[in-house]
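Please treat every number below as a calculation from the coordinates, not as lab data. These figures come from a predicted structure and were not determined experimentally. FYI the Cβ positions are ideal-geometry reconstructions off the backbone, even for glycines, and counts take in every protein chain you see.
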Amino acid sequence: MNNAIAAPDYGYGFSFLGHSDQGGRPDGCQVMVHEGYAYVAHAFAGGFSVIDVRDPRNPQPVQFVPAPDGTWSVHLQTADDLLLVVNAKDLFADSNFQVENDYYGRSVGSPALQAERGYAAGLRVFDISTPGSPREISFMPVEGVGLHRLWYTGGRWAYASALLDGFTDYIFVTIDLADPTRPELVGKWWLPGMNEAAGETPDWDTNRWRYGLHHAIIDGDTAYASWRDGGLSLLDVTDRANPQLISYRNWSDPFGGGTHTALPLPERDLLLVADEGIADNAADGVKYTWVFDVRNPKNPVSISTFPNPAEQIYVNKGGHFGPHNLHENRPGTFVSDRLIFATYQNAGLRVYNIADPFRPREVGAWVPPAPAQMVDTRPGRPRVIQSFDVFVDENAIAYMTDYNAGLYILQWDGERL
């Protein structure tokens, strides 16, 4: 079923093209578009969907690929005719994490591993050389909860956050895909205090702050890693098996943590860092997208923040408000170091002009209406939009997912920078 939902609650700079309920599975997480097909990960449906978007005004669900029982596949990546899909314990189905703060507000390693292991943990690799027809070619298992989010733009190396046995939360790992039928985990890096099995002791309050890698974006030989309440690290990955720290910053106190995405803009020596709003009605504090000057990678300096959406009081709307994902300038997509697309959860999709990095300004927005139905299985979730991910193709067509509201396809009509 595809819905012609054309009227946003608020918007400018975009034209509505299409909407899909993703074959009756409207819960969407990360989305990638490859050769005319969208691959959409799910938070609650337990797998991923393939949607034909060659005609963006008439998206057609093609296939649903289920995950193994008890398993999350919330993030995925496409490149080189490969589709990489994470496998991890479905934490939203775990009784330990039915209250949001138990997932976002503390280290999850020990409670996540308390139950029996009725799930798959690791990386699944699919051949998508026939567009829209994923064919599994390998599985790389790991011991632990599994993988959370990936970075892969082709070639030999992939990167992931992984919660492995003995660690308090997700750490940074490198994966060798020289032979995609035999992926191999070869490198690890973590914040000191996370390796519980080695006797390390956290120097942070593990019942208040969650130090765990969300993911890293890699440019050249540098990984820009976001550690939730643990802040930001720049890592030298010249030796993929032995990453080394370049610099570290953490502003989680006085600010509220949730560092989620660090997007390098290498031609301008800038780094954008989005802190995720992780509590209803901004109970964890209002979050921001920060602009860092990284001309000296050993000394990143924050020089500004994006203006938060302010045409209404989104803190009072319900659900999460604030930054979530940034369009990540992947090769073959819309690439700009001056025009930034970002999801802001209950404030929808935003576009920012950062030609002057000291004065970012909003230049576009699209806030979808409330979801037609709720598929979030957690009790008491409000029926408001929670825009999750955005992928922008080379034609400036934006594909935006939501926890409950399916896939929106929008044409950017504004300025191109």
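Figures for the structure shown
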item	result
Cleavage-rule hits, trypsin sites (Lys or Arg not before Pro), the range 279-313, DSSP coil, Cβ neighbours within 10 Å at most 16	ARG295, LYS298
The range 286-297 - phi-based ³J(HN,Hα) in whole Hz, Karplus 6.51/-1.76/1.60, Gly and Pro as x	5, 9, 9, 9, 9, 10, 10, 8, 10, 4, 10, x
The range 324-417: GluC sites (Glu not before Pro) falling in loop per DSSP and having at most 11 other Cβ within 10 Å	GLU394
Theoretical gain in end-to-end length, VAL186 to THR201 [0.36 nm per residue, Cα-Cα removed]	3.0 nm
Dimensionless Rg/Rh of the range 290-417 - Kirkwood Rh, Rg from C-alpha atoms	1.00
Those lysines that a straight Cα-Cα span of less than 20 Å connects to LYS317, excepting residues fewer than 8 apart in one chain	LYS287
Ascending count of other beta-carbon atoms within 10 Å, so fewest first, for SER302, SER20, SER15	SER15, SER302, SER20
Scattering curve values for the range 67-196, log₁₀ I(q)/I(0), Debye with Cα scatterers, q = 0.10, 0.14 Å⁻¹	-0.31, -0.61
Calculated FRET value between ARG156 and GLU311, using beta carbons and R₀ = 35 Å, to 0.05	0.15
Separation of alpha-carbon centers, the range 115-141 and the range 339-369, rounded to whole Å	34 Å
For GLY364, distant residues with modelled amide H under 5 Å away	VAL351
Spin-label pair VAL335/ASP179, simplified geometry with 7 Å Cα→Cβ offset, distance in nm	3.2 nm
Additional length obtainable on full extension of the chain from TYR12 to ARG117, 0.36 nm per residue less Cα span	33.1 nm
Neighbour-count ranking [beta-carbon atoms within 10 angstrom, fewest first] of MET194, MET140	MET140, MET194
FRET efficiency estimate (nearest 0.05) - Cβ-Cβ, GLN411 to ALA93, R0 35 angstrom	0.45
Reachable aspartates and glutamates from LYS298, criterion Cα separation under 12 angstrom, eight or more residues apart if same chain	ASP236
Separation in nanometres of the label points that stand 7 Å from Cα toward Cβ, at ARG208 and TRP251	2.0 nm
Kirkwood Rh, Cα atoms: Rg over Rh of the range 205-245	1.07
Ranking of TYR152, TYR399 by count of other Cβ atoms within 10 Å, fewest first	TYR152, TYR399
Calculated log₁₀ intensity ratio I(q)/I(0) where the Debye formula runs over C-alpha points of the chain, q = 0.11 Å⁻¹	-0.75
